[in-house]
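*Asks:* Below: one structure in structure tokens.
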Amino acid sequence: EESSSEYKTKVFQRADGIYTNLLFHLNDKLEINTGVRAENTIREYKFRTISDPISSPYRKKTVEKLYILPSLNVKYVASEKSNIRFTASKTYTKPVLFESLDINLINADGTTERGNSDLINSENYNADLKFEIFPSNSQVLAVGVFGKYIQNPIERLFRFSAGSIESFGNFDKAYIYGLEVEGK
């Protein structure tokens, strides 16, 4: 946003991670793949508001968090032509850049959107159970169910003042679940 020379934002984002993985073939039918990722994320905002004098230093806001992200994949060979798979993991979701910038964007239709630098990353707990059938070497039919529990999901919200402004906020929790069918 550069509607005036003093209204500027600078953003620095970084993620550093390390990962380890172990694969166990317990027997001809059971395979377990497990791992963990440690990831440190940094998001730093330097900004001036519209009311700050041009000569004032940038205000600074820094968010840093270390995530420990385990994963588990289990494959069971039920028969020569079918598998059962289970996966579970923890992940996180960062806000996209615009969602986390304290700037106003006026859209072509006259609506206004404003980012929110107080957003925090969402933490996601994922699980998936799938049954696979292989009628031939080039064919597959898979049916799976999945679920996800999200702490601090990022959602669009409306703030009312002189007019309506769309913004973004963290809410308490969310659940996502579904059914997948795959065929080839």
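*Asks:* At 1.4 Å probe radius, can you tell me the per residue accessible area of the chain in Å²?
*Replies:* On a per-residue basis, 64 Å².
*Asks:* Then there is this: Let me check I've understood the local charge: for Asn152, count other residues with C-beta under 12 angstrom from its C-beta, Lys and Arg +1, Asp and Glu -1. What total comes out?
*Replies:* Net charge in that neighbourhood comes out at -1.
*Asks:* Next question. Contact order normalised by length for region 32-184, with contacts defined as Cα pairs under 8 Å and 6 or more residues apart; what percent is it?
*Replies:* Relative contact order here is 18 percent.
*Asks:* Right, something else. Estimate the FRET efficiency between Val140 and Ala174 by the formula 1/(1 + (r/R0)^6), using the beta-carbon distance for r and 35 Å for R0, to the nearest 0.05.
*Replies:* For R0 = 35 Å, the calculated efficiency reads 0.65.
*Asks:* Could you give the length gained on full extension between Tyr67 and Ala88, defined as 0.36 nm per residue of separation minus the Cα-Cα distance, in nm?
*Replies:* Residue separation times 0.36 nm, minus the Cα-Cα distance, leaves 5.9 nm.
*Asks:* Which one of Leu105, Phe24, Val181 is farthest out on the positive end of the charge dipole of the chain, using unit charges on Cβ (Lys, Arg +1; Asp, Glu -1) and the Cα centre as origin?
*Replies:* Going by the Cα projections, it comes out as Phe24.
*Asks:* A follow-up question, please. Can you tell me how much longer the chain between Leu105 and Asn27 gets when fully stretched, taken as 0.36 nm per residue apart minus their C-alpha distance, in nm with one decimal?
*Replies:* Roughly 22.3 nm would be gained on extension.
*Asks:* Then there's this: Within 10 Å, at most 14 other Cβ atoms, and a DSSP state outside H, G, I, E, B define an exposed site. Report the longest part of the chain free of exposed chymotrypsin sites (Phe, Trp or Tyr not before Pro).
*Replies:* Segment 59-170 is the longest.
The values are calculated or read from the model by the stated rules, or taken from the named source; none is laboratory data. As the structure is a computational prediction, the values presented were derived from the model and not from experiment. Reconstructed Cβ throughout: ideal geometry from the backbone, glycine too, with neighbour counts over all protein chains shown. Keep in mind that these areas ignore ligands, DNA and RNA; they rest on the heavy atoms of the full protein, side chains included. Shrake-Rupley method; radii C 1.70, N 1.55, O 1.52, S 1.80 Å.
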